[in-house]
Amino acid sequence: MGRRLSQHFLRDRSVAEFIVGLVPGGLDVIEVGPGTGALTFPLAEKSKTVYAIELDKSLAEQLRARAPPNVVVIWGDALQVEWPKADFFVSNMPYSITSPLLLKLARHRLPAVVTVQREVAERMAAVPGTEEYGRLTVAIQCMYEVEVVRVLPPRVFSPPPKVYSAVVTLRPKAPCVDDFEAFERFTAKLFSARRKTLRRLKLAQSDKRVYQLTVEEIVELFQSSRSI
Ligand SMILES: C[S@@+](CC[C@H](N)C(=O)[O-])C[C@H]1O[C@@H](n2cnc3c(N)ncnc32)[C@H](O)[C@@H]1O
């Protein structure tokens, strides 16, 4: 159960304060996976409303009983439930669902502060031509300016996860395409052949390989694939 739900609770108050300090005050905020409320309580103090989406029923009930009135606890799977209208997104993400959760976040294009495995943070911020650069990078960088602001050692969580984590800020920018979902399908297919050249894939007369393409070059390929 603990593994599937990725339950690692923040036990270092100064880290919670650091993360919540990155969230502007007075907003409606979605928090995914509030757990025992390490972020929820300080967030509630500075926010208009916190919509806390928690899958673990008993944690959701305990939080509902203890939280101040501006916290709305939603018991459910953050991938399945419709997100309430909000201005900002915060999550110490359940690591078992990081990628689909980040993709759902990108579709909403909410400004965000997320804690993810360090390796995922590296993929989000990656540059073309590296091992880390891939479908997730392109989806996130299509929508956001990405900044890895702090690396967290396992000991700040209880129980400690096996990996280091990182706090990442996501600032929305003009989307790189109009139809993000079609773009996502295109990049998923493209990166399934990440080491192939464009010539080999019959996409262009170029020996550049998929993982070497910038986001702008991928957008150009996407647009020309749609105009055929
Ligand atoms: C890494 S813990 C973070 C807990 C808390 N925010 C903290 O920092 O101490 C992840 C939380 O997400 C919850 N969770 C796991 N899968 C979820 C899902 N699909 N939807 C919503 N919450 C989920 C877990 O029950 C757990 O409370």
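Read-outs: derived from the displayed coordinates by stated rules, not from any lab. Worth saying up front: this structure is predicted, and the values here are computed from it rather than measured. No Cβ is skipped: glycine too gets one built from the backbone with ideal geometry, and neighbour counts run over all protein chains shown.
Which of K48, K202 comes first, and how do the rest follow, when ranked by fewest Cβ neighbours within 10 Å?
Numbers: K48 13, K202 7.
Neighbour counts put them in this order, fewest first: K202, K48.
Taking other Cβ within 10 Å of each residue's Cβ, how do H8, H108 sort, fewest first?
Working: H8 22, H108 14.
In order of increasing Cβ crowding within 10 Å: H108, H8.
What pairs from K57/K173; K85/K173; K162/K196; K57/K189 go past 29 Å between their alpha carbons?
On the way: K57/K173 36 Å; K85/K173 19 Å; K162/K196 33 Å; K57/K189 37 Å.
As for pairs spanning more than 29 Å Cα to Cα, those are K57/K173; K162/K196; K57/K189.
Any idea how far apart K189 and E45 come out in nm if each label point goes 7 Å out from Cα toward Cβ?
Here the modelled spin labels are 5.1 nm apart.
What does the charge add up to near V15, with Lys and Arg as +1, Asp and Glu as -1, over the other residues with Cβ less than 13 Å from its Cβ? Kindly include the intermediate steps, with their values, before the conclusion.
Values: positive: R11, R13, R150, R155; negative: D12, E17.
Every neighbour counted, the sum reads +2.
By counting other Cβ atoms within 10 Å of each Cβ, how are V151, V114, V81 ranked from fewest to most? Please report the intermediate quantities before stating the final value.
On the way: V151 11, V114 23, V81 14.
Exposure proxy ranking, most exposed first: V151, V81, V114.
List the extent of the Cα atoms of the stretch 180-226 along each of their three principal axes, largest first, rounded to whole Å.
27, 19, 17
With the crude spin-label approximation of a point 7 Å out along Cα→Cβ, what separation in nm comes out for L27 versus V72?
1.7 nm
Mind putting a number on the dipole of the chain about its Cα centre? Charges go on the C-beta only, +1 for Lys and Arg and -1 for Asp and Glu, and I need it in Debye to the nearest 20. Mind dumping the intermediate values first?
On the way: 32 positive and 25 negative charges, 148 e Å.
With only Lys, Arg, Asp and Glu charged at Cβ, the dipole is about 720 debye.
With r defined as the distance between the Cβ atoms of L5 and R155 and R0 fixed at 35 Å, what FRET efficiency is calculated, to the nearest 0.05?
The value I calculate is 0.95.
Stretched out fully, how many nm does the piece from K196 to R226 gain, at 0.36 nm a residue minus the Cα gap?
Numbers: separation 30, 0.36 × 30 = 10.80 nm, distance 2.08 nm.
That works out to 8.7 nm of additional length.
Can you give me the C-alpha center-to-center distance between the stretch 45-66 and the stretch 75-143, rounded to a whole angstrom?
That distance is 21 Å.
So between Y164 and R13, what do we pick up on full extension, going 0.36 nm a residue minus the alpha carbon distance?
Numbers: separation 151, 0.36 × 151 = 54.36 nm, distance 1.77 nm.
Length gained, Y164 through R13: 52.6 nm.
In the chain, what is the volume of the convex hull around the alpha carbon atoms, normalised per residue and reported in Å³?
On the way: hull volume 27.0 nm³, N = 228.
Once divided by residue count, the hull of the chain is 119 Å³.
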